[in-house]
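The values are calculated or read from the model by the stated rules, or taken from the named source; none is laboratory data. Only a predicted model underlies this, so the values are computations on that prediction, with no experimental measurement involved. For neighbour counting, all protein chains shown are included, and Cβ atoms are generated from backbone atoms with ideal geometry for every residue, glycine included. Please note that ligands, DNA and RNA were not included when accessible areas were found on the heavy atoms of the full protein model with its side chains. Shrake-Rupley method; radii C 1.70, N 1.55, O 1.52, S 1.80 Å.
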Amino acid sequence: MGDILFFVNLLKKEKKILFLVLILCLGFGIGYLLFVPNKYIAKTTFITQSSKSTGAPGLGNLAAIAGVQLGASGDAELISPNLYKEIIHSNKFLHRLINIKFIDPVDGKKKKLKKIYIINIKDTVDSATVDDDIKIFKISNTDYSLFKILRRQININYIEEENKFLFSVENENPILAANLLAVSKSILQETIIQYKLDKAKQNLVYIKKNFEEKKKEFLSIQRNLAYFQDNNRGLITKSSQAKLTKLKSEYDLAFTLYSELAKKVQLQELKIKEDMPVFITIKEVSIPNEKSSPIYRNVLAISLLLGLLLGIIVIMFNNLKIIMNESPRLNK
């Protein structure tokens, strides 16, 4: 109890120092609020699904005959939700974004995002792909600096429990934040759809390649069978009948493979048209009305607490000799 009373009396005695430190810290806090620009966060929420055709009669049976499992392939071929953030922070994505025109909040003119963010552009070299074969991307110094800013401002989070995405963009201008979010969302959706489309087209190319090979084999066997039948109409020997049976068996097998691959080609073409990702927006993009930072009450509260703490430390440091002399007496 004696220790507490001693420190209370010490603070009362040095209240001017404590008050001065509090005023200084509060002044720094107010200065921070005056000079740090306000920031706004535009948000949107959406979910993704894979559309599947269910209206085509007999499609499921046809797929089963052709050996294609349509029901389990849609979602499995979508990009993992955990990779969406890597997509929006990729060089390719950001390079496309900074070259799209937005309305400049300063003068109301349409400009590329790069020119809105960086007024004095000294770097005249633009980022570009320098090797299309192995996809090497060269980033200019200006774009590199801008990419770092955008990676801090553009963010997406996947809520696995609710199977939804929270997409947000932070900017000093609320209108630009909303426009930037809307365009970023559109580019992301195009990227996901293009990935699914490319994958489906790759599968179609592979199936068509096999189909063309089996088609050639089938037509060749068909010609051989027709030629043999035309030239052996009157023959009833065992050897000719055995060869005819062999040719018919080869024809039946080739026809079966050819027919199944033809069905696979048709199913894959149908899949490209109908089995595409669908984006369902839960919360539309809107212009934020309230700033996200700085929050006045938080800054002022932290300034006061910091001032109180620093004031106590200053007082204790200035009266260290008195405290050390009083401690043995208070302990007795």
Quiz prompt | The listed residue being among the hydroxyl-bearing types (Ser, Thr, Tyr), over 21 Å from the mean Cα position of the chain (by Cα) and either surrounded by 13 or more Cβ atoms within 10 Å (Cβ to Cβ) or at pLDDT 90 or above (or both), out of Ser168, Ser184, Ser140 | solution = Ser140
Quiz item: Restricted to the range 143-160, and to residues that are surrounded by 12 or more Cβ atoms within 10 Å (Cβ to Cβ) and at pLDDT below 90, which residue is nearest to Ile98 (Cα to Cα)?
Solution: Asp143
Exercise. Residues being open to solvent by less than 90 Å² (accessible area, probe 1.4 Å) and closer than 22 Å to Ala262 by Cβ: count how many of those fall in the range 219-246.
Key: 7
Self-check item: Subset tally (residues that are surrounded by 15 or more Cβ atoms within 10 Å (Cβ to Cβ) and assigned to a helix (DSSP H, G or I)) for the range 275-302
Solution: 2
Quiz prompt | Enumeration of residues in the range 165-223 that are of a type in the set (A, V, I, L, M, F, W, C) and touching a Leu at 6+ places or on another chain (Cβ under 6 Å) | solution = Val169, Phe211
Exercise. Give the residues of the range 166-211 that are part of a helix (DSSP H, G or I) and of a type in the set (Ser, Thr, Tyr), sorted by residue number.
Key: Ser184, Ser186, Thr191, Tyr195, Tyr206
Quiz item: Quick one: how many residues across the range 178-220 are touching a strand residue (DSSP E or B) at 6+ places or on another chain (Cβ under 7 Å) and of a type in the set (D, E, K, R)?
Solution: 2
